1. Checking a compactness column here: for region 126-177, what do you get for Rg(Cα) / (2.2 N^0.38 Å), N being the number of residues?
2. So for region 57-111, what are the equivalent ellipsoid semi-axes in whole Å, largest first, each being the square root of 5 times an eigenvalue of the Cα gyration tensor?
3. Rank these for me by crowding, 149, 119, 78, 164, going from fewest to most other beta carbons within 10 Å.
4. If you restrict to DSSP beta bridges whose two residues both lie in the chain, what percentage is antiparallel, to the nearest 5?
5. Would you order 80, 123 from fewest to most other beta-carbon atoms within 10 Å of each residue's own beta-carbon?
6. Calculate, for residue 56 and residue 145, the FRET efficiency according to 1/(1 + (r/R0)^6) with r their C-beta to C-beta distance and R0 22 Å; round to the nearest 0.05.
7. For region 14-168, what class follows from the C-alpha gyration tensor (a ≥ b ≥ c being the square roots of its eigenvalues): rounded when a/c is under 1.5, otherwise prolate if a/b is larger than b/c, else oblate?
8. How high is the FRET efficiency from residue 65 to residue 167, r the C-beta distance, R0 25 Å, rounded to 0.05?
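What follows draws every value from the coordinates through simple rules; no lab data is involved. Computed from a predicted model, the values in this text were never measured in an experiment. Positions of Cβ are backbone-derived with ideal geometry, glycine not excepted, and every protein chain shown enters the neighbour counts.
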């Protein structure tokens, strides 16, 4: 997002160009499609933008690896945008993500370890940590769609210096009475 991008209509507040609320109560509809290609392979995605997903995880990422990639890319986009708001752009970013899963079926994710490796000359560690926190607590739609019982730990390596891991509290709906 660029600094010149307008805020969506009805946004009540924002971080950079990222609104914290939209003012709308209408759900956002997202669609995709998966087409079986034989064996354990699928073409998945919206028409014209599909990727191969290999249930055997031999020729392409499998379904769980695809979920991990979605968490990594979704949260990374948030981090890049939030840091850019401080006029300290990210020069390079990679994410290493590890999932610890149940040994029995369903072998759901129980714990995530996510390392953000970021380079940027003017980025302060506290600002990068805050961007990661905001991504998981407020903005990342993929992480926010996971079960609230999944322990998520992040680690920042900024300009070659690794910091201590931080347990994140992933977004969860507020209980209404």
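1. 1.27
2. 30, 13, 8
3. 164, 149, 119, 78
4. Antiparallel bridges make up about 75 percent of those DSSP assigns within the chain.
5. By the 10 Å Cβ count, ascending: 80, 123.
6. Numbers: r = 25 Å, r/R0 = 1.14.
According to the calculation, E is roughly 0.30.
7. Prolate, since a/c reaches 1.5 and a/b exceeds b/c.
8. After rounding to 0.05, the efficiency reads 0.60.
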